[in-house]
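Trainee: The structure that follows is given in the form of structure tokens.
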Amino acid sequence: MKTAVHWFRRDLRVSDNTALSEAVQRAERVVPVFILEDAFRTGPDVGAARLAFLLRSLDSLRKNLAELGYPLVIRRGRSEVELPRLCAELGAQAVFCNKRYEPYAQARDNRVFNALNGAGVGFEVFKDAVIWEERELLTKAGNPFTVFTPYSRAWKARAIPPPKPKLRASSKRVPKIASDPLPLDGADLGHPLSQTMPFAGERAARDALRAFLKQPIFTYGTARDFPAQNGTSRLSPHLRCGTIGIRTVLTGLRKARAEASPAQRPSCDVFLNELIWREFYLQVLSNFPRVMRGCFRPEYDALKWSDNREHFEAWCAGMTGYPIVDAAMRCLNATGWMHNRLRMIVAMFLTKDLLINWQWGERYFMQKLVDGDMAANNGGWQWSAGTGTDAAPYFRIFNPVSQGLKFDPQGEFVREWVPELAALPEDLIHQPWEDPLLAAKSRYPARIVLHEEQRPKCLAMFKAVSRRLQV
Ligand SMILES: Cc1cc2nc3c(=O)[nH]c(=O)nc-3n(C[C@H](O)[C@H](O)[C@H](O)COP(=O)(O)OP(=O)(O)OC[C@H]3O[C@@H](n4cnc5c(N)ncnc54)[C@H](O)[C@@H]3O)c2cc1C
């Protein structure tokens, strides 16, 4: 074929990119494009941190592509309008892209397919973001997996494909193609760019992977639970935006494991499991898109959640009176980031102490998280609430004080994010109310609920639904 368009979406990289590799093999000329849709700045799930990360990653992609002789075309508008228009301008025969799994993205791809088809242009979609997708791994009965352990066993039983080759420099002369500017100050898209993690782009992703595989991987199995330690990879924004390919991560992991001592190998295996959780939740979303509208276990849609907005707002602002919860939420609000252990703690607190619907928390996370991802976020929230596939049973309720004492034993994380408590000794930092004199002097809020009182209420709320089912 003479000319093809590569449509960049969540694959903002020139290495290990399946559709891009295919496009350059099959077309004489490939024109890369990114479409800035209005949806990036409207809608309830839009997040400033994520948008900032996306725009910075795009800027870095544009530079990488330019070095290789492929100027990135930016177009603003609806994909189903802009892609056929660009193809007509270029006389392109096909659009190549990597597959997306979210229901809204699939609906958009259907519209794009119809529009391109109507214009006589091909639409080629490739698996890239995951190793095994949708219905590639099924139970013996031929159904999608809804339990993680057998899924991960099936996942590991097959050989992992190697990374795709890096895009090579183009020798073709590049004609000028009209391109919209990239709104890097953010104001244009209605979002400030201040709340973001410092790193973005393909090089930063590779650096993060390299740094993680050098040392932290070997202690990941234990260090990953302590928010004050730098024990996890922080690859999630990169895996979400596609600034690194999953095959690249797995190849690096395999090499690190081969060089690890026998005592270090279990840590490598725990990390692999986390990467498999990512694919597990993506296949849950693909096979059961209803999880975006309600509980995976539909019986729990009847739960009578609290609609106390004051409690919800205190949770959002990090003003619940529970230090580990508040530190985590303040960190999220300020940076767009939250450690996995803390995500579980605050999600359990919202659903099982404040008795507020997990969907409120799910949406708030999507608005704030730099790595906000529909599948992983929904999976994490339903797991914490006890309504999901592999969910923690409803009677498993984290105690925010013991979680704090166990996973932030010196209170380092709390001290960093809750300055009102910074001077407290270790034995009080997770329960400042234990010293009433100190508590009275501090500007830190009193507890909005008492965990001991909320626990039985939560159990009763879940039991009421279970009882109704038995009748
Ligand atoms: C309530 C809740 C909401 C969450 N929302 C998101 C979200 O929006 N986006 C997101 O990427 N992750 C989400 N997670 C999963 C997890 O918290 C993050 O992936 C992890 O904290 C990212 O940090 P890391 O890259 O250092 O992870 P690492 O521990 O280094 O793990 C490596 C990679 O594995 C994947 N991963 C790890 N744990 C999980 C998990 N439990 N589920 C799915 N994938 C996982 C991520 O891609 C991660 O980058 C959520 C978890 C909970 C409990």
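The values are calculated or read from the model by the stated rules, or taken from the named source; none is laboratory data. Owing to the predicted nature of the structure, the values given are computational and were not obtained by experimental measurement. Here Cβ is always computed from backbone atoms with ideal geometry, including for glycine, and neighbour counts include all displayed protein chains.
Trainee: Can you find a residue in region 424-441 that is farther than 30 Å from Thr146 by Cα, surrounded by 22 or more Cβ atoms within 10 Å (Cβ to Cβ) and of a type in the set (Phe, Trp, Tyr)?
Mentor: Filtering region 424-441 down to residues farther than 30 Å from Thr146 by Cα leaves 424-441.
When the remaining residues are screened for being surrounded by 22 or more Cβ atoms within 10 Å (Cβ to Cβ), the result is 424, 429-430, 432.
Subsequent filtering for residues that are of a type in the set (Phe, Trp, Tyr) retains none.
No, because not a single residue in region 424-441 is farther than 30 Å from Thr146 by Cα, surrounded by 22 or more Cβ atoms within 10 Å (Cβ to Cβ) and of a type in the set (Phe, Trp, Tyr).
Trainee: Further question: Please tell me if Pro71 is closer than 23 Å to Ser236 by Cβ, touching a residue at least 24 places away in the same chain (Cβ under 8 Å) and assigned by TED's automatic domain parsing to the domain that holds Ser15.
Mentor: Working: closer than 23 Å to Ser236 by Cβ: no; touching a residue at least 24 places away in the same chain (Cβ under 8 Å): yes; assigned by TED's automatic domain parsing to the domain that holds Ser15: yes.
So Pro71 fails the test.
Trainee: Before we move on, is Gln359 of a type outside the set (Val, Ile, Thr) and away from the ligand (no atom under 16 Å from the Cβ)? Working first, answer last.
Mentor: On the way: of a type outside the set (Val, Ile, Thr): yes; away from the ligand (no atom under 16 Å from the Cβ): no.
No.
Trainee: Scan region 215-224 and give yes if some residue there is in a loop (DSSP other than H, G, I, E, B) and within 9 Å of the ligand (Cβ to nearest atom), otherwise no. Please lay out each step first, then the result.
Mentor: Let us first name the residues in region 215-224 that are in a loop (DSSP other than H, G, I, E, B), namely 215, 224.
Add one more test, that the residue is within 9 Å of the ligand (Cβ to nearest atom), and what stays is 224.
Yes, because at least one residue in region 215-224 is in a loop (DSSP other than H, G, I, E, B) and within 9 Å of the ligand (Cβ to nearest atom).
Trainee: Of all residues in region 248-266 being under 20 Å from Asp207 (Cβ atoms) and in contact with a Ser or Thr (Cβ under 9 Å, 6 or more places away or on another chain), which is farthest from the ligand (Cβ to nearest atom)? Steps first, please.
Mentor: Going through region 248-266, the residues under 20 Å from Asp207 (Cβ atoms) turn out to be 248-256, 259.
Adding the requirement that they be in contact with a Ser or Thr (Cβ under 9 Å, 6 or more places away or on another chain) leaves 248-249.
On the way: Thr248: 13, Val249: 8 Å.
Only one residue fits best here, namely Thr248.
Trainee: Let me ask something else. Any residue at all in region 256-265 that's of a type in the set (D, E, K, R) and more than 25 Å from Tyr220 (Cα to Cα)?
Mentor: At the first step, the residues of region 256-265 found to be of a type in the set (D, E, K, R) are 257, 259, 265.
Those still in the list that are more than 25 Å from Tyr220 (Cα to Cα) too: none.
No: zero hits.
Trainee: Just the residues that are more than 13 Å from the ligand (Cβ to nearest atom) and among the aromatic types (Phe, Trp, Tyr), please, taken from region 267-307.
Mentor: Phe288, Phe296, Tyr300, Trp305
Trainee: Which of (1) in contact with a Gly (Cβ under 6 Å, 6 or more places away or on another chain); (2) away from the ligand (no atom under 12 Å from the Cβ); (3) under 30 Å from Ser152 (Cα atoms) is the odd one out, the single condition Gly372 does not satisfy?
Mentor: Gly372 satisfies all of (1) in contact with a Gly (Cβ under 6 Å, 6 or more places away or on another chain); (2) away from the ligand (no atom under 12 Å from the Cβ); (3) under 30 Å from Ser152 (Cα atoms) except (2).
Trainee: Also, quick follow-up: Please enumerate the residues belonging to region 1-42 that are in contact with a Phe, Trp or Tyr (Cβ under 9 Å, 6 or more places away or on another chain), surrounded by fewer than 21 Cβ atoms within 10 Å (Cβ to Cβ) and part of a loop (DSSP other than H, G, I, E, B).
Mentor: Arg9, Val14, Ala27
Trainee: Now, a different point. Test Leu36 against the stated conditions and say whether it is under 30 Å from Phe288 (Cβ atoms), aliphatic (A, V, I, L, M) and modelled with pLDDT under 95.
Mentor: Values: under 30 Å from Phe288 (Cβ atoms): no; aliphatic (A, V, I, L, M): yes; modelled with pLDDT under 95: yes.
When the stated conditions are applied, Leu36 does not pass them.
Trainee: Being in a loop (DSSP other than H, G, I, E, B) and modelled with pLDDT under 95 is the filter here; which residues of region 425-443 pass it? Break it down stepwise before answering.
Mentor: Pass one, region 425-443, residues in a loop (DSSP other than H, G, I, E, B): 425, 430-431, 435, 442-443.
Of everything in region 425-443, those that are in a loop (DSSP other than H, G, I, E, B) and modelled with pLDDT under 95 turn out to be Pro425, Asp435, Ser442, Arg443.
Trainee: Restricting attention to region 348-361, report how many residues are buried (at least 23 other Cβ atoms within 10 Å of the Cβ) and closer than 27 Å to Gly242 by Cα.
Mentor: Going through region 348-361 one residue at a time, the tally reaches 1.
Trainee: In the set Ala423, Ala347, which member is farther than 18 Å from Met329 by Cβ and either polar (S, T, N, Q) or not assigned by TED's automatic domain parsing to the domain that holds Leu282 (or both)? Walk me through how you get there before you give the answer.
Mentor: Numbers: Ala347 fails: farther than 18 Å from Met329 by Cβ.
Result of the check over Ala423, Ala347: Ala423.
Trainee: Quickly run through region 225-244 and pick out the residues that are of a type outside the set (Gly, Ala, Ser), under 24 Å from Pro162 (Cβ atoms) and part of a loop (DSSP other than H, G, I, E, B). Break it down into steps so the answer makes sense when it comes.
Mentor: The initial filter retains those residues of region 225-244 that are of a type outside the set (Gly, Ala, Ser), namely 225-227, 229-230, 232, 234-235, 237-241, 243-244.
Retained after the next criterion (residues that are under 24 Å from Pro162 (Cβ atoms)): 235, 238-241, 243-244.
Result: Leu235, Thr243, Ile244.
Trainee: From the set of residues in region 225-247 that are under 23 Å from Glu412 (Cα atoms) and in contact with a Phe, Trp or Tyr (Cβ under 6 Å, 6 or more places away or on another chain), which is farthest from the ligand (Cβ to nearest atom)?
Mentor: The qualifying residue farthest from the ligand (Cβ to nearest atom) is Ala228.
Trainee: Do we have any residue at all in region 447-470 that's in contact with a Lys or Arg (Cβ under 7 Å, 6 or more places away or on another chain), part of a loop (DSSP other than H, G, I, E, B) and not acidic (Asp, Glu)?
Mentor: Checking region 447-470: not a single residue is in contact with a Lys or Arg (Cβ under 7 Å, 6 or more places away or on another chain), part of a loop (DSSP other than H, G, I, E, B) and not acidic (Asp, Glu).
Trainee: Quick one: is Ser233 without any contact (Cβ under 8 Å) to a residue 40 or more places away in the chain, outside the structural domain of Gln106 (by TED's automatic domain parsing) and surrounded by 20 or more Cβ atoms within 10 Å (Cβ to Cβ)? Explain how you work it out, then say what you get.
Mentor: Details: without any contact (Cβ under 8 Å) to a residue 40 or more places away in the chain: yes; outside the structural domain of Gln106 (by TED's automatic domain parsing): yes; surrounded by 20 or more Cβ atoms within 10 Å (Cβ to Cβ): yes.
Taking the combined requirement at face value, the residue satisfies it.
Trainee: Could you tell me whether Glu124 is over 21 Å from Ala27 (Cα atoms) and either of a type outside the set (Lys, Arg) or not in a helix (DSSP H, G or I) (or both)?
Mentor: Working: over 21 Å from Ala27 (Cα atoms): no; either of a type outside the set (Lys, Arg) or not in a helix (DSSP H, G or I) (or both): yes.
Criteria not met by Glu124.
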